[in-house]
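A quick write-up on the structure given underneath.
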């Protein structure tokens, strides 16, 4: 019974993925670069005003693209945040808070 439900769910997911692919062929997709660094403060980059550190590639990306200057971290350390990004669930739901 469980195998039947899983196979049916997998079939539905595959159909949705294929339908999504066929409708997206003509649309121009944006380039998205997701940067996640451990122990990086908001003033640790040259594009944010730090005079001690040179980050030319990140500065170039900041000039050419969109900058998000307000951010939220779900946890004070990196492990729960990485788990949240990879699973799409809150760290508390994953029971990873420190």
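Run the simple label-point estimate for residue 98 and residue 17 please: 7 Å along Cα→C-beta, distance reported in nm.
Each label point lies 7 Å from its Cα, and together they span 3.9 nm.
With only alpha-carbon pairs counted, each pair once and no self-pairs, how large is the Kirkwood hydrodynamic radius of region 28-67 in angstroms?
Answer for region 28-67: a Kirkwood hydrodynamic radius of 11.3 Å.
Can you give the alpha-carbon Rg of the chain over 2.2 N^0.38 Å, where N counts its residues?
Dividing the Cα radius of gyration by 2.2 N^0.38 Å gives 1.56.
Could you check the spin-label model distance between residue 39 and residue 87? Points 7 Å from the Cα along Cα→Cβ, value in nm.
2.6
Which order results if 87, 55, 81, 69 are arranged by neighbouring Cβ count within 10 Å, fewest first?
So the ranking, lowest neighbour count to highest, is 69, 87, 55, 81.
Below 8 Å between Cα atoms, with a sequence gap of 6+, how large is the relative contact order for the chain in percent?
It rounds to 13 percent for the chain.
Quickly estimate the mean residue ellipticity at 222 nm for the chain, helices only: each DSSP H run with n ≥ 4 gives -39500 (n - 2.57), and the total goes over all residues, rounded to 500.
Roughly -13500 deg cm²/dmol at 222 nm, from the helical runs in the chain.
Laboratory data are not the source of any read-out in this text; all were calculated from the coordinates shown. Here the structure is a predicted model, which is why all the values come from computation and not from measurement. Neighbour counts run over all protein chains shown; Cβ positions are idealised from the backbone, glycine included.
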